[in-house]
Amino acid sequence: MDLITPEFGLVFWTAITFLFLLLILRKFAWKPILGAVSDREEGIKTALASAENARKEMENLQADNERILKEARLERETMLKEAREIKAKMISDAKEEAQEQANKMIAQAQTAIESEKKSAMAELKNHVAGLSVEIAEKVVRQELSNKDKQLELVESMLNEAKLN
Amino acid sequence: MTLNTFKNVLFSVLFLAVSFAGYASDNSDPQEGEEFNPKEMILHHVKDAHEFHLWDWKGKPVSLSLPIILWTDNGLTTFSSSQFHHDDTGKVIVEKNGGKFVKFHEKIYQLDANATTVAFDEEHHPVNAHKPLNFSITRNVFMMWVSVIVLLLIFLTAARSYKKSKDGVPTGIAGFVEPLIVFVRDEIGKPMIGEHKYKKYMPYLLTIFFFIWINNIFGLIPILNGANLSGNIAFTCTLAVFTFIITTLSGNSNYWKHIFWMPGVPVPMKIFLMPIEIIGMFVKPISLMIRLFANITAGHVIILALMSLIFVFKTVAIAPVSVAFSLFITVIEIIVTAIQAYIFTILSALYFGMATEDHH
């Protein structure tokens, strides 16, 4: 029975000692230790979060870089394409112009040739007419030396003139 | 923090304490010519004492005298326990402050005014003496203070090491106690009380855990004569009362409603449940008190009983068996020291959790 009867003295000392221990440890041990532990846990948490953020930012940066690179590549391609088009256009334009010019020159040449030809023809005609008149003069002079033949000629001329 | 850390700590403590286990218990020597009485010896060891008996030297006990502090009709009376000259049968009478005192079975009696020697009835109870209020620094109180000094040394040093290190990294002893503290927080406080309310109870839970654990361990150190503090019902009773007081004071309306008017059951059932719940309120701390007391005392009794076998059979031949068995039990007891501290703490936390649980 002794064994299971709480003794007053020990209860008293246990209560006092325990309260003392609780107060001292709470103030000087549990508070700083738990504080340090939770501070560190918070620190780790924030460090992890910031690392995660940094990683995300890095990813964003990389994505940005890639996007920019892609855009640049696209731009380069379009520029090249445009240049190629411009080149082709220029060539074709030049060709067209040259053609046109050539055509024009040909046409001018043709007209020039034509007019030259005409003037040459006219000159030739004049020349031929002069020659003909000269020949005719000579012929007529010879013909008119004979009276009969003169009359015959006048006759034929008159006939011709009548027909006209 | 996982259970693994706790296991590691447990095993390291276990390993450390095995070196003590070789001593097992000592001091069972009966007086010359007297029949050895294992029951008396065991009870003597398990119960409290007014002096700190260390060992016998040439037939004489070597012990630490502890102060005896009594509150008598004449006021405070103090004297050293050495004045009883190791007598525990009530024969040596100490006269002090107008009172005559004897020590009988580790209890201090004050003789009635006209008595000169103590007389006993048939059941060995003193008839002409009464017990004054006894505030003596007994073996258990002494060991409790030693444990407090050890605890303060450990944890104040640990706390100081946190202050010194600027980055909050534990060094030295802090590295050893931090997993334990985090274990109490994460495996006891948080799950039992809840994430939002546990903080308020952490100092109590931590203090009670380490206080019980270290006293359980001290009880197993043979050279200290197994001062059986945590196996003393006064000690467990006090701690259980603290848990009861805190539970009752932190009880919210939901808690009291569950005790006096259980929601969700028919009225006759409510009336039927009310006395059961009220009894339960008190049974919880009582179970705490008995569990710790019985577990620790039982361990001591088994170890001492095994050692007594040598003296009961009066042969050294049985000694290897006794030592082997008590070593085995001691190893188990070392695990029990931590387990019982853990159980007391987790159940206290559970009661606090029940008292502060919100309506759901």
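Bear in mind that the values in this text are calculations on the coordinates, not laboratory data. Bear in mind that the values here come from a model prediction, so they are computed numbers and not experimental data. When we count neighbours, we look across all protein chains shown, and the Cβ atoms used for this are built from the backbone with ideal geometry, even at glycine.
A few points about this structure:
- For chain B, built as a Gaussian network whose Cα springs stay under 10 Å, the top-fluctuating residue of B:THR315, B:THR345, B:THR243: B:THR315
- Take each residue in B:128-139, count the other chain C-beta atoms within 10 Å of its C-beta, and the mean is 2.
- B:LEU133 long-range amide H proximity, modeled H, under 5 Å: B:TRP71
- The Rg/Rh ratio for the stretch A:2-163, using Cα coordinates for both the radius of gyration and the Kirkwood hydrodynamic radius, is 2.08.
- Per-residue ³J(HN,Hα) for the stretch B:150-161, Karplus 6.51 cos²θ - 1.76 cosθ + 1.60, θ = phi - 60°, Hz, x for Gly and Pro: 4, 4, 5, 4, 5, 7, 6, 4, 4, 4, 5, 5
- Phi to ³J(HN,Hα) by Karplus 6.51 cos²θ - 1.76 cosθ + 1.60 over the stretch A:9-15, Hz, x for Gly, Pro: x, 5, 4, 4, 5, 4, 4
- You can think of it this way: the chain between B:ILE245 and B:PHE260 has 3.6 nm of extra reach, that is 0.36 nm per residue less the Cα-Cα gap.
- A quarter of the convex hull surface defined by the alpha-carbon atoms of the stretch B:227-302 gives 6.1 nm² as the mean projection.
- Directionally averaged shadow of the protein assembly as shown, computed from the convex hull of its alpha-carbon atoms, nm²: 64.9 nm²
- Under 5 Å between amide hydrogens, built in the peptide plane, is the criterion, and for B:GLU51 it picks out B:ARG139 among residues at least 5 positions away or on other chains.
- FRET efficiency estimate (nearest 0.05) - Cβ-Cβ, A:ILE113 to A:GLU155, R0 35 angstrom: 0.15
- Length released on extending from B:ALA119 to B:THR171, taking residue separation times 0.36 nm less the Cα-Cα span: 12.6 nm
- Cβ-based exposure ranking for A:SER38, B:SER322, B:SER147, in which fewest neighbours within 10 Å come first: A:SER38, B:SER322, B:SER147
- Rounded to whole Hz, the Karplus (6.51, -1.76, 1.60) HN-Hα couplings of the stretch B:282-287, x for glycine and proline: 8, 5, 4, x, 5, 5
- Entry note, chain B: the mean residue ellipticity at 222 nm calculated from DSSP H runs of n ≥ 4, each adding -39500 (n - 2.57), is -19500 deg cm²/dmol after division by the residues and rounding to the nearest 500.
- Normalised per residue, the volume of the convex hull around the Cα set of chain B (Å³): 206 Å³
- log10 of Debye I(q)/I(0), alpha-carbon scatterers only, for the stretch B:67-136 at 0.12, 0.13, 0.26, 0.29 Å⁻¹: -0.26, -0.30, -1.28, -1.55
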